[in-house]
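First up is the structure itself, then whatever we jot down about it.
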Amino acid sequence: MQRYGMVIGVRPEKVEEYKKLHAAVWPGVLKMIRECNIRNYSIYLRHFPNGEYYLFSYFEYTGNDFAADMAKMAADPETQRWWSVCMPCQDPLSNRAEGEWWAKMEEVFHMD
């Protein structure tokens, strides 16, 4: 099992829309997440003193080929439609790696 933490900005005017979307995630999207070996998935929201909003996501990957599973998810038509309504709410970090939307974070501590 591999743990992942990722971060992305949220447009202030879209925070409530993003929260409403995630209060009722489409069943097909949840099914695809599970089929792609993602477990224990959470997204947290934080409003920073400078006025910016950020999302932090955490999930555990239980599969054997992360790249293949992410390609499978990206190819799914319902997931693509879900992303098309979520992405306008998000504001990717300017220093994210090439090809990333959500910026991966480095794990610096873990305790079971």
Could you count how many residues in the range 25-65 are surrounded by 13 or more Cβ atoms within 10 Å (Cβ to Cβ) and among the polar types (S, T, N, Q)?
-> 3
Quick one: what pairs do we get from the range 20-35, first residue among the hydroxyl-bearing types (Ser, Thr, Tyr), second outside any loop (DSSP other than H, G, I, E, B) and at pLDDT below 95, C-beta under 7 Å, 6+ apart or different chains?
-> none
Got a number for residues in the range 1-52 being of a type in the set (A, V, I, L, M) and either closer than 18 Å to ALA71 by Cα or assigned to a strand (DSSP E or B) (or both)?
-> 11
Tabulated pairs, the range 93-107, first assigned to a loop (DSSP other than H, G, I, E, B), second surrounded by fewer than 12 Cβ atoms within 10 Å (Cβ to Cβ), C-beta under 7 angstrom, 6+ apart or interchain = GLU107/ARG3
Odd one out for ARG81, checked against (1) in contact with a Pro (Cβ under 9 Å, 6 or more places away or on another chain); (2) surrounded by fewer than 16 Cβ atoms within 10 Å (Cβ to Cβ); (3) modelled with pLDDT of 95 or more | (1)
From the set of residues in the range 71-92 that are part of a helix (DSSP H, G or I) and either touching a strand residue (DSSP E or B) at 6+ places or on another chain (Cβ under 9 Å) or among the basic types (Lys, Arg) (or both), which is nearest to VAL10 (Cα to Cα)?
-> CYS89
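The values are calculated or read from the model by the stated rules, or taken from the named source; none is laboratory data. Nothing here was measured: the structure is a model prediction, and the numbers come from that model. With ideal geometry, Cβ positions are generated from the backbone for all residues, glycine too; neighbour counts draw on all protein chains shown.
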